[in-house]
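Student: Let me begin by handing over the structure; questions about it come next.
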Amino acid sequence: MMPARSTSIHILASVCPSSTGSSSIAQRAAEVLVGNKFTVSLFSEAEPTPLISWAVRELKAAGGVVITASHNPANFNGFKIKAPWGGSAAPETTSAVEKLVDANPPKRSDVPTDTHRMLEPAIASYKSQIALYIDLDRLRQSPSSVVVDPMHGAGGDWVESFLKGAALEVETIRKHRDPLFGGVNPEPIDSNLGRLKKRVLEKKALVGLATDGDADRVGAVNELGETMTMHDVVPLILLHLVRQRQMTGGVVRTFSQSVLLKRIAAAYNLKLYETAIGFKYIADLMLKDDILIGAEESGGIGVKDHIPERDGILNSLLFLEAIVSSGKPPSEMLRDLHREFGEFHFGRKDLRVEPAVGQQLIERLTSATPGELAGYRVTAVETTDGTKLLFDDESWLLFRQSGTEPMLRIYAEATSVAKSAALLAAGEELALRP
């Protein structure tokens, strides 16, 4: 049931392209909202996006605004709108807001200096929710080591704060806020996790856990210092929810997510949904149906009995819970997964391509699909979001223009590391061909 609406808006000053950029934008947004007779609660420092979404729902606010570059480069920034139910606003809401830009001269009023105090109950209840959802006592008593990497973003020491105080050794690297993210894009993928991989090996840690710039996405590094993709992490979390927690519900697989989710869902008779890429599609299903888990390739995961939102803090802890419960290191968990459900390996290439050029390639591949690629026969084409070429062993290659950057993304999932690499290389050659 949707909470009763009020004229209260909660705003976060989050990660940004300059030391004062997001804070200044958030302050100005708050002034305009106050000038238009809204009651505003303004966070006093950068906080994780899922906390803001939680606060909107808990305080029965009309909505929320998050100023953040999210996982994008430091010279980006964004204006995220959060809906009363504690998740991203629907596309029709954001479209309506966009149409109102510059429609009237802005009205501004001073924001009271103590508005952040109204948020304290929501912060406390978010912490309580995490403590209820995750078996923190079991994690804290684990005689192992964990390295956490918020990538200089809003995640800070949030994950560590839930884990310290007992046998588990926790170290957080890159926890101090840096609007330039140490010169690395704050997206928790292999190319950006060098420091985490190195520290995991140095500490002989069980796992490394990463969150993106605004802490709504998650990434992981196994005990061997190897980055785990979301095609590894999400199936392992799903199996933990089903087997250890005995939970049920639908499984939402975005267009670039793993074949393994489909196979696990079939094995446990869970309803499978496939959507276009973007967490808004997952959130929409979570609001309407009984959804156990929904996940993106880029690290956004939503789970049952929480808000319909990506939450890098909760999901970092949930993945750690899956590891500790299994009694095995992540690399062994993954080998077991592949033995039971089939071996699949994922890769991604990002090419800086202007949107119009990338879109032309995608349309050309749809209308004139090659019969084979890298020596493998193309058996079908799907166009839910971009153009996906399917092969006879359920391997696939997807071309999609990014919705947030001038970037053509090429994704591959295949039954061997070599085949995944070959498909990506062939896809890149196609994309760069004059």
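Student: Using a 1.4 angstrom probe with every protein chain in place, what is the largest-first accessible-area order of 305, 232?
Tutor: Working: 305 110, 232 20 Å².
Order by accessible area, largest first: 305, 232.
Student: So, one more: Residue 127 to residue 204: extension gain in nm, 0.36 nm per residue of separation minus the Cα-Cα distance?
Tutor: Working: separation 77, 0.36 × 77 = 27.72 nm, distance 2.90 nm.
Length gained, residue 127 through residue 204: 24.8 nm.
Student: Could you report the accessible area of residue 56 in Å², rounded to 10, computed with a 1.4 Å probe on the protein chains as they sit in the structure?
Tutor: The value for residue 56 is about 0 Å².
Student: Compare the Cα positions of 396, 293, 29 along the charge dipole of the chain (+1 at Cβ of Lys, Arg; -1 at Cβ of Asp, Glu; about the Cα centre) and return the one farthest towards the positive end.
Tutor: Checked the options; the winner is 29.
Student: In the structure displayed, which of 82/280; 349/388; 271/419; 280/304; 175/198 lie more than 18 Å apart, Cα to Cα?
Tutor: Working: 82/280 11 Å; 349/388 14 Å; 271/419 30 Å; 280/304 16 Å; 175/198 16 Å.
Pairs exceeding the cut-off: 271/419.
Student: Compute, for residue 118, the solvent-accessible surface of its heavy atoms (probe 1.4 Å) with the complete set of protein chains present, and express it in square angstrom to the nearest 10.
Tutor: Its accessible surface works out to 90 Å², give or take rounding.
Student: Shifting gears a bit: Rounded to the nearest 0.05, what FRET efficiency do residue 280 and residue 167 have when you use their Cβ-Cβ distance and R0 = 45 Å?
Tutor: Taking R0 as 45 Å, the efficiency between residue 280 and residue 167 is 0.65.
Student: When a/c reaches 1.5 or more, the comparison of a/b and b/c decides; with that in mind, is the chain rounded, prolate or oblate per its Cα gyration tensor? Don't skip to the answer; put the middle values down first.
Tutor: Working: a/c = 1.65, a/b = 1.24, b/c = 1.33.
It comes out oblate by the Cα gyration axes.
Student: In the stretch 100-238, what percentage of the DSSP-assigned beta bridges are antiparallel, given to the nearest 5?
Tutor: Details: 6 of 14 bridges.
The answer is about 45 percent antiparallel.
Student: If I compute solvent accessible area with a 1.4 Å probe over the protein chains, what percent of it on the chain is carbon and sulfur? If you can, show how the numbers build up before the last one.
Tutor: Numbers: 9210 of 18080 Å².
The nonpolar share, carbon plus sulfur, comes to 51 percent.
Student: How much length would be gained if the chain were fully extended between residue 100 and residue 379, taking 0.36 nm per residue of separation minus their Cα-Cα distance, in nm to one decimal? Kindly include the intermediate steps, with their values, before the conclusion.
Tutor: Values: separation 279, 0.36 × 279 = 100.44 nm, distance 4.62 nm.
Between residue 100 and residue 379, full extension yields 95.8 nm more.
Student: So for the pair residue 417, residue 349, with labels modelled 7 Å out along Cα→Cβ, what separation do we get in nm?
Tutor: Between residue 417 and residue 349, the simple spin-label model gives 1.9 nm.
Student: OK, next. Quick query: amide H of residue 379 versus all other amide H atoms, modeled in the peptide plane; which residues come in under 5 Å with a sequence gap of 5 or more or a different chain?
Tutor: 390, 391, 392
Student: Whole-Hz Karplus ³J(HN,Hα) for the stretch 266-278, in order, using 6.51 cos²θ - 1.76 cosθ + 1.60 and θ = phi - 60°, x for Gly and Pro?
Tutor: For the stretch 266-278, the Karplus-derived couplings read 5, 5, 10, 6, 9, 5, 9, 10, 10, 10, 5, 7, x Hz, x marking Gly and Pro.
Student: Tell me, what is the percent relative contact order of the chain, built from C-alpha pairs under 8 Å that lie six or more residues apart? Intermediate values should be presented prior to the final figure.
Tutor: Working: 926 pairs, mean separation 52.8, N = 434.
Averaging sequence separation for qualifying contacts and normalising by length gives 12 percent for the chain.
Student: Follow-up. Place a label point 7 angstrom from the Cα of residue 394 along the Cα-to-Cβ direction, then list the residues of the stretch 265-309 whose backbone nitrogen is under 16 Å away.
Tutor: Within reach of a label on residue 394: 265-274.
Student: A further question follows. Counting Lys and Arg as +1 and Asp and Glu as -1, each charge on the Cβ, what is the dipole of the stretch 48-154 about the Cα centre in debye, to the nearest 20? Don't skip to the answer; put the middle values down first.
Tutor: Details: 11 positive and 10 negative charges, 25 e Å.
Roughly 120 debye for the stretch 48-154.
Student: Follow-up question, since we're still on this one. Stretch residue 368-residue 245 to full length: gain in nm at 0.36 nm per residue minus the Cα-Cα span?
Tutor: Details: separation 123, 0.36 × 123 = 44.28 nm, distance 4.69 nm.
Additional length available on full extension: 39.6 nm.
Student: Compute the distance in nm between two label points, each set 7 Å from the Cα along the Cα-to-Cβ direction, one at residue 138 and one at residue 360.
Tutor: For the pair residue 138/residue 360, the computed spacing is 5.5 nm.
The values are calculated or read from the model by the stated rules, or taken from the named source; none is laboratory data. The structure presented is a predicted model; accordingly, all values stated were derived computationally and were not measured. Counting neighbours? That spans all protein chains shown, and the Cβs are built from the backbone with ideal geometry, glycine included. Quick note on the areas: whole protein, heavy atoms, side chains included, nothing else; ligands and nucleic acids left out. Shrake-Rupley method; radii C 1.70, N 1.55, O 1.52, S 1.80 Å.
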